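Visitor: Pasting a structure below so you can have a look.
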Amino acid sequence: MSRSPISRSPRESQEPTFTRSRSHRRPVPTPPPETPRRSSLSAEMRGMRRLEQRRNMEESHYLNCKARAQNYNPPIDLRLVDYVSPYDSNLMCPICRCPFVDPVVLTECDHCFCRDCIRQCWNTNSTYNPLGPRGNCPTCRTPAKLGSRSATSKILLNIVDDLVVKCPKSDDGCKAEVRRCEVQDHVNIYCGYALVECLGENCELPVRRKDAAQGCLHYGVSCLLCRKELQKWKLEIHWRSECPDRRVHCETCKSTVFARDLDEHSKQTCPAISIPCPGKAFGCTSRSRKGQAEIHAKSCTFAKLAPIFQKQQDRLDEQEVAQREMSRKLQVLESGFGAMRDILNPPKEDTTPDRRSAGSTRPSLSPRDMQANGTTSSFIPNAQSNFDFSDPTAYADLMVSPHQPRPSASTASRQSDPTPDVPGPRLTDLPEPFSFDSDLASPAGFPPPTTDGGPYASPLHHLLSMHESLRDEMSRISTVLSELDGRHSMQSLNENLRTREEISYMGAQVAGLQRQVHWLTSAQLQRQQGRSGTPGASSSSAMADVGAGAGVEAAVSAVSTAATALTGAARVANVGASGSGNGRDGAPMRRRASEEGRTKL
Amino acid sequence: MAGMSSKRLQKELTKIQGTLPPGITLVSAPDLREWQMDIAILDNPIYPPSDHYRLRFQFSQSYPIEAPEVVFMAIPSNPERKIPLHPHIYSNGIICLDLLDSQGWSPVHNVESICISIQSMLAGNTKAEREFDTWLVWVVMAN
């Protein structure tokens, strides 16, 4: 661009006419600035000329833009290419750590850098300098400026230009390795993977040089593996580096895996990587390859114990959770219990006005008392303040209250004597966890139901908790009752069984006796009949009959008495069984009765 | 610029993974944005050689032209890392060193040379104290 006015100016001078210069505006135009100055053109002509200049400038700008847009291969930054040949560290720019690219030597210190590197370095911390770029040498901090191009040795340039680099399109598949000075030409002219404009009609889209001969490839296709929609010319790139279903080669274990799995493979499943021992959490520090890790796990104590440890840990955690729950329950129960005790020993008087005075009269409240005042609203009367209260009527009230522990004690004696002289009736049963202050404080001597600001902040909650604890007590009593009932019924059942046994035994005895008596009477009757069958013996047989009848009657009466005795014994036994309280007394009584029955028989 | 930064860091990383001066170890370099190094001071009784100090490097996109952000890290445990006592190291780990400042920085420096500089700064220290006042004053002024 900058050269065009100079080269064109002689020709322009030969073509002074305005129309001619307009005709060839296609090649880079810019009419010469000399013409308007030399000729005496009118103002109108000058305006036309300016317009013409303006148009030309716009057109050239458009052409430049288009050329730039169609240049699909931007200039290569030689600092970003991969070098194939090894190079000496002395050929390395200290800023970019690459072999020098367009090396420049500083004037003062002769340190050498890439031109772009030193420009970037100086641009950031110095403003525009009319004397050209200058600054401190990055290596030795000497103030310096860029040396001329001739100062850089041609030998150095040749050495760095001879280094062999990979084509920048090597990621796309180009295998070319060329000298560094030729790499731009390679990309611009030869590289099959560089982009060129599509040869198809009415298509200006880019395509790779090697595919350009296949016609226009700008139509949609979908990948066979991952079903992604894309244009045909991009398919190869997609398969090479983008498709998640492509096969890639694992470098450590020499196997092929899907690209989508490569991340997981290289971290976990690859047999060549080392994995920690399963007992790592419990102290084993060994790491080994996957194959050997299993062998190690068989011999490692930690690995063997790891599941047990894990189970133990789980159980410990469980226990901890359960214990926390239990302790919470315990706290609730304790508070309920405390509330119950408060109810059993109700406060004697409401001391809300007195407590207000207590704050002023008592200089030092123990923290426990502070809590009692704060957390429990009116259940804990503050007797200390009552005593300190000098009102004689209040004192008299205290004197007449039924549970007043120390009606005669004076303030001074109480403060000197920590133990109550006349404790309340229930005070002796208590475990006495109280401090000196709380001993003095509450007449019944009960601590607040909850310590450290428990869940019962209001009297309603208190009542509810009391209700709960009462209900618990009720259920406990009812279980005890039912247990007792069961025991008693078992007892009576046992006794009944024994009695029934004895009764049946006695019945059998009686039946045997009856049989004997029957046999005796029948035998005697037969004898009498045999005697009456002979004449002259009827009177005697009648006499004997009378005697026998008397004997039989005696036997029958004896049996009947035995039966009554038996029934009596049974009744006694029943009484003994039914009387739950004196069951023990009933048993010997019944035994005595049955002995009686037996002896009677 | 970004390409140059990552290219250079990649080269530095390959070099660091090879050999390093005594007392300097690479802890982690998960990406080219943040690295962690451990340094130990070998010949100063203030800092026992068994104590290692963790340095965190954060690189911007324009790394070799601009200085990286280097601070000491405090790690409570496993492994424990403290912030060394030095008049120019604040309790939050910020290091007052001209090399890390935009004026003193030079693109010729690299991670290894920064580590060596900090190591020598600590090795030459004679006062085991902290001038925390300065940064407290900053904080107070900022608020």
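The values are calculated or read from the model by the stated rules, or taken from the named source; none is laboratory data. These figures come from a predicted structure and were not determined experimentally. No Cβ is skipped: glycine too gets one built from the backbone with ideal geometry, and neighbour counts run over all protein chains shown. Heads up: the accessible areas ignore ligands, DNA and RNA and are worked out on the full protein's heavy atoms, side chains in. Shrake-Rupley method; radii C 1.70, N 1.55, O 1.52, S 1.80 Å.
Visitor: Identify, please: which residue in region B:109-133 is open to solvent by 30 Å² or more (accessible area, probe 1.4 Å) and assigned to a loop (DSSP other than H, G, I, E, B) and is, among those, farthest from B:Ile24 (Cα to Cα)?
Guide: B:Glu131
Visitor: So, in region A:224-282, exactly how many residues are small (Gly, Ala, Ser), surrounded by 15 or more Cβ atoms within 10 Å (Cβ to Cβ) and touching a residue at least 40 places away in the same chain (Cβ under 8 Å)?
Guide: The total comes to 0.
Visitor: Please state which one of B:Gly3, B:Gly18, B:Gly93 is under 13 Å from the mean Cα position of the chain (by Cα) and either within 14 Å of chain A (Cβ to nearest Cβ) or of a type outside the set (Ser, Thr, Tyr) (or both).
Guide: B:Gly93
Visitor: Of the conditions (1) within 14 Å of another protein chain (Cβ to nearest Cβ); (2) within 21 Å of B:Ser28 (Cβ to Cβ), B:Met73 fails just one. Which one is it?
Guide: Result: B:Met73 fails condition (1) only.
Visitor: Is it the case that region A:249-269 has a residue that's assigned to a helix (DSSP H, G or I), on the phi < 0 side of the Ramachandran plot and touching a Phe, Trp or Tyr at 6+ places or on another chain (Cβ under 6 Å)?
Guide: Within region A:249-269 (the criterion being assigned to a helix (DSSP H, G or I), on the phi < 0 side of the Ramachandran plot and touching a Phe, Trp or Tyr at 6+ places or on another chain (Cβ under 6 Å)), the answer is no, since none of the residues qualifies.
Here's the yes/no breakdown for (1) open to solvent by less than 30 Å² (accessible area, probe 1.4 Å); (2) within 27 Å of B:Ala128 (Cβ to Cβ); (3) not hydrophobic (A, V, I, L, M, F, W, C):
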| position | (1), (2), (3) |
| --- | --- |
| B:Pro76 | no, yes, yes |
| B:Leu85 | no, yes, no |
| B:Tyr90 | yes, yes, yes |
| B:Gln103 | no, no, yes |
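Visitor: Among the residues of region A:293-334, write down those that are of a type in the set (Phe, Trp, Tyr) and in contact with a Gly (Cβ under 6 Å, 6 or more places away or on another chain). Even if it seems obvious, please write down each step before you answer.
Guide: Step one: of region A:293-334, the residues of a type in the set (Phe, Trp, Tyr) are A:302, A:309.
Selection gives A:Phe302 alone.
Visitor: Counting only residues that are β-branched (Val, Ile, Thr) and open to solvent by less than 20 Å² (accessible area, probe 1.4 Å), which one in region A:62-121 is nearest to the other protein chains (Cβ to nearest Cβ)? Talk me through it step by step, then tell me what you get.
Guide: Initially, region A:62-121 is screened for residues β-branched (Val, Ile, Thr), giving A:76, A:81, A:84, A:95, A:101, A:104-105, A:107, A:118.
If we keep only those that are open to solvent by less than 20 Å² (accessible area, probe 1.4 Å) as well, we get A:81, A:95, A:104, A:118.
Values: A:Val81: 10, A:Ile95: 4, A:Val104: 15, A:Ile118: 9 Å.
Per the criteria, the residue is A:Ile95.
Visitor: With the condition kept exactly as written, say whether any residue in region A:240-263 is assigned by TED's automatic domain parsing to the domain that holds A:Gly192, within 44 Å of the chain's Cα centre (by Cα) and farther than 29 Å from A:Ile189 by Cβ.
Guide: First pass over region A:240-263, keeping only residues assigned by TED's automatic domain parsing to the domain that holds A:Gly192: none.
Within region A:240-263, none of the residues are assigned by TED's automatic domain parsing to the domain that holds A:Gly192, within 44 Å of the chain's Cα centre (by Cα) and farther than 29 Å from A:Ile189 by Cβ.
Visitor: If the requirement is being touching a Leu at 6+ places or on another chain (Cβ under 7 Å), crowded, with 19+ Cβ neighbours inside 10 Å and within 14 Å of chain A (Cβ to nearest Cβ), which of these qualifies: B:Tyr47, B:Tyr63?
Guide: B:Tyr63
Visitor: Would you mention how many residues in region B:63-93 are within 19 Å of B:Gln103 (Cβ to Cβ), free of Cβ contacts under 8 Å to residues at least 40 places away in the same chain and in contact with a strand residue (DSSP E or B) (Cβ under 6 Å, 6 or more places away or on another chain)?
Guide: Matching residues across region B:63-93 total 2.
Visitor: I would also like to ask the following. Looking at B:Leu55, B:Leu26, B:Leu13, B:Leu42 in this structure, which one is away from every other protein chain (no Cβ under 14 Å), under 26 Å from A:Leu80 (Cβ atoms) and either open to solvent by less than 60 Å² (accessible area, probe 1.4 Å) or assigned to a loop (DSSP other than H, G, I, E, B) (or both)? Give the steps one after another, and end with the answer.
Guide: On the way: B:Leu55 fails: under 26 Å from A:Leu80 (Cβ atoms); B:Leu13 fails: away from every other protein chain (no Cβ under 14 Å); B:Leu42 fails: under 26 Å from A:Leu80 (Cβ atoms).
Going through B:Leu55, B:Leu26, B:Leu13, B:Leu42 in turn, just one is away from every other protein chain (no Cβ under 14 Å), under 26 Å from A:Leu80 (Cβ atoms) and either open to solvent by less than 60 Å² (accessible area, probe 1.4 Å) or assigned to a loop (DSSP other than H, G, I, E, B) (or both): B:Leu26.
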